[in-house]
Amino acid sequence: MTGRGDSIDMVRAVRVTGPGREFLLDDEPVDLYLAEGRIVDIAPTGALPARGRVLDGDGTWAVPGLWDNHVHTVQWALAAEREPLGAVTSAAEAARTMSSAGLLPDGRRVGSGFRDAFWGDVPSLPLLDDATGAVPTYLINADVHSVWLNSAALARECFRSPDGMLREEDAFEISRRLNAVDPEHGDRAVRRAGEQAATRGITGLVDFDMAWNADAWPRRVADGFAAHRVEFAVYPFDLERAIAAGLRTGQAHDYTDAPSEGRGLVHTGSLKVISDGSLGTRTAACFHAYPGDPANFGVLTVPPEELTALMTTATGAGLAVAVHAIGDRALTSALDAFTTTGAVGSIEHAQLVRHADLPRFRRLGLIASVQPQHALDDRDLVARQWPAQTAVAYPLASLRDAGAQLRFGSDAPVADLDPWQAISAAVTRTDDAREPWHPEERLSVDEAIEASVRSAIRPGEPADLVLCGADPRTAGGSELRSMPVVATLLAGRITHLS
């Protein structure tokens with residue numbers, strides 16, 4: 001009997017969908033033969049003898065292993081320990097909720113996921129102080145670009161704010177401090193979260209934690225982490241350290257002191273630069289002002305000349321660059337910097353794109369790393385904050401038609417780390433009873449899956465596989481969102497088996 005952790009030599013009787021299916025003659029079941037972590041042969045079911053340890057895939061559909069290309073790993077892993085605020089509808093309700101929230105071991109109260117852009121009242125320091133008293137209390141916006149602190153928390157962190165709100169870099173600093181838990185505690189949370197991600201078919205993620213990840217991941221792998229592959233980013237404040245350490249994009253970290261199943265899973269990713277704010281905090285840098293605030297065009301948090309200098313340094317050191325650019329003004333600035341420097345990499349988010357900038361992705365060879373669920377979470381916010389925009393909001397089909405390479409992610413914990421949620425959002429452009437939002441931007445199931453994988457089901461490719469309990473090509477939106485994952489294999493090893 002096979003079980004979690006077992007290495008498999010053969011997956012019997014599966015139907016293939018997603019990349020690789022086009023090389024098969026029909027949709028009849030096939031047997032996949034695996035060795036040394038790779039697919040070595042594919043044959044019609046029963047055409048060749050069974051070999052070694054067999055996983056029976058009868059009645060399932062196989063897709064390549066799924067990736068989440070944008071995760072804030074520790075913040076996502078710790079979210080389960082924080083008070084959820086996604087359902088609160090006012091500042092007053094948020095304050096009341098935090099008044100009874102459980103204390104963390106360090107004596108603080110932390111909540112996350114509020115969306116004050118939808119509230120009819122305004123967060124204030126007296127409101128939060130009255131509800132929470134002397135207990136340091138922190139509320140993290142869903143977009144992580146702002147935090148609301150009471151007076152006790154402001155004093156503890158040595159910050160001042162007349163309304164208790166901190167935005168952009170100050171907010172990021174608070175999140176960094178909250179995420180800097182005891183490493184053993186944080187690593188346990190990451191391991192649990194990684195194992196949970198495997199139940200949804202995840203075999204890889206891009207880690208954008210605002211920390212020195214080059215030390216964290218060796219420690220986790222040495223301690224037995226082996227749930228998925230990882231590409232970790234570095235941030236500008238650690239760029240010189242990364243260069244001194246010889247880190248280069250694509251570099252494999254094969255830790256010899258780690259258990260064999262964890263070796264070769266971790267690679268250096270990109271330099272991550274956050275070049276503007278967010279829609280929810282109304283700081284995304286746009287060419288049009290925000291309604292009711294004619295002086296507010298958002299914030300370019302990294303001026304163009306500084307962005308160019310960072311990208312030049314990173315490129316010279318062999319590091320790709322991932323630029324967070326949400327507003328159209330920030331996106332144009334980022335594309336200009338890629339043009340000037342010849343850097344390679346990705347635009348993260350690309351939530352508002354001018355028509356003239358769409359073809360630049362292909363010309364520059366850039367990845368559009370996007371989060372389809374954000375379009376559905378933000379559709380009502382777009383109507384309020386970007387009503388006069390002439391650019392394309394949350395483009396998918398437009399980027400595809402312009403020849404951009406799409407990669408999907410969640411931005412967890414901003415959205416759930418579930419690749420099927422992203423696939424469903426891209427295919428349907430709705431997650432409730434309303435009509436699809438901008439249906440012209442929908443993708444096909446095949447296109448959405450292709451944006452969620454890094455490999456194909458072909459001989460020579462990694463044996464990163466997901467066995468699904470239904471055919472994704474014929475599933476509706478809700479069926480895609482709740483896709484049953486029967487098994488997940490990472491390099492031929494079972495990381496999830498239902």
**Study point:** Long-range amide H partners of residue 405 with built H, under 5 Å
**Key:** 368
Check your understanding: Could the peptides 318-329, 144-155, 168-179 be put in order, highest first, of the mean number of other beta-carbon atoms found within 10 Å of their residues?
Key -> 318-329, 144-155, 168-179
Study note, to complete from the structure: Per the C-alpha gyration tensor (a ≥ b ≥ c, the square roots of its eigenvalues), segment 296-368 is rounded if a/c is under 1.5, else prolate if a/b beats b/c, else oblate; here it's oblate
Revision key, fill the gap. Expected sort for 357-364, 432-439 on mean C-beta neighbours within 10 Å, highest first, is 357-364, 432-439
Study note, to complete from the structure: For segment 242-252, in residue order, the Karplus 3J(HN,Hα) values (coefficients 6.51, -1.76, 1.60; θ = phi - 60°; whole Hz; Gly and Pro = x) are 5, 5, 4, 7, x, 6, 9, 4, x, 5, 7
Exercise for review: Tally up the carbon and sulfur contribution to the accessible surface of segment 4-89 as a whole percent, 1.4 Å probe, everything protein left in place.
Suggested key: 49 percent
Revision key, fill the gap. Of 183-189, 223-229, 103-109, ordering from highest average Cβ density within 10 Å down gives 223-229, 183-189, 103-109
Practice item. Report, by chain and number, residues whose modeled amide H sits under 5 Å from the one on residue 327, excluding near sequence neighbours (fewer than 5 apart, same chain). Key: 285
Review point. Can you give the net charge of the other residues whose Cβ lies under 12 Å from the Cβ of residue 131, counting K and R as +1 and D and E as -1?
Key: -1
Check your understanding: Is the shape of segment 442-487 rounded, prolate or oblate, going by the alpha carbon gyration tensor and its root eigenvalues a ≥ b ≥ c, with a/c under 1.5 for rounded and a/b larger than b/c for prolate?
Key -> oblate
Check your understanding: In debye, nearest 20: dipole of the chain around its Cα centre with unit charges on the Cβ of K, R (+) and D, E (-)?
Key -> 340 debye
Practice item. Could you work out how far helix 169-179 tilts from the main Cα principal axis of the chain, as a 0 to 90 degree angle to the nearest 10? Key: 60 degrees
Review point. When the helix-only estimate is applied to the chain (DSSP H runs of n ≥ 4, each -39,500 (n - 2.57), divided by the residue count), what is the mean residue ellipticity at 222 nm, nearest 500 deg cm²/dmol?
Key: -8000 deg cm²/dmol
Practice item. Over segment 205-355, give the accessible area per residue in Å² for a 1.4 Å probe, as an integer. Key: 35 Å²
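The values are calculated or read from the model by the stated rules, or taken from the named source; none is laboratory data. Everything quoted here is computed from the prediction, not taken from an experiment. Because the Cβ atoms are built from the backbone with ideal geometry, glycine has one as well, and the counts that use them run over all protein chains shown. For accessibility, only protein heavy atoms count, side chains too; no ligands or nucleic acids. Shrake-Rupley method; radii C 1.70, N 1.55, O 1.52, S 1.80 Å.
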